[in-house]
1. Using only Cα atoms, locate the centre of the range 116-176 and the centre of the range 18-42, then give the distance between them in Å, rounded to an integer.
2. Relative contact order (percent) for the range 4-68, with alpha-carbon contacts under 8 angstrom and 6 or more residues of separation?
3. Which of 130, 135, 107, 2 comes first, and how do the rest follow, when ranked by fewest Cβ neighbours within 10 Å?
4. Under a 10 Å cutoff between Cα atoms, tell me which one of 140, 29, 57 has the largest fluctuation in the Gaussian network model of the chain.
5. Take every Cα pair under 8 Å in the chain that's 6+ residues apart, average their separations, divide by the length, and report that relative contact order as a whole percent.
6. For q values of 0.15, 0.18 Å⁻¹, compute log₁₀ I(q)/I(0) with the Debye formula on a Cα-only model of the range 4-68, without solvent.
7. Calculate for the chain the 222 nm mean residue ellipticity that helices alone would give, adding -39,500 (n - 2.57) per DSSP H run of length 4 or more and normalising by residue count, nearest 500 deg cm²/dmol.
8. Among 120, 68, what is the fewest-to-most ranking by other Cβ atoms within 10 Å?
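Values in this text are rule-based calculations from the coordinates and carry no lab data. Bear in mind the structure is a predicted one, so any value in this text is a computation, not a measurement. Cβ coordinates were reconstructed from backbone atoms using ideal geometry, including for glycine residues, and neighbour counts include every protein chain displayed.
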């Protein structure tokens, strides 16, 4: 399958033209829906990086990612949203992974420290791809079940202050 939207976006980026917010969003939609081929995804990301990302491009990409994300709503977050306030703070300590510097999994350790200090944590992550251990590897070794629905993750956050969102289960649009 090939996407004319992604082809045009790649062409613009190779010509060093900035994409509008909507063009970037359309390209990300093609990627996340599976309409773009793996080669087109690689070409798009490479061309974008070589040109240099603009704020509008990043906003367009992020908007689609956020739109496609599975929602996890702990009780405090729902109540805060209904009240129109952000008083119930929730943090994610997701790392980027693959830093090739030989560090241990800092983001997961940080999640436990932050939760222990009383802040609610929605930690998401995956298995290792290029490092010694990913967040999912760490929490699974600790005996934490990775196969949880968004409602069960929210329940963990509500009851113990931390929940783990396993990316392959909860961020399925990222598989492309």
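1. 27
2. Relative contact order, the range 4-68: 47 percent.
3. 130, 2, 107, 135
4. 140
5. Computed value for the chain: 21 percent relative contact order.
6. For the range 4-68 at q = 0.15, 0.18 Å⁻¹, log10 I(q)/I(0) is -0.36, -0.53.
7. -16000 deg cm²/dmol
8. Sorted ascending by nearby Cβ count, the order is 68, 120.
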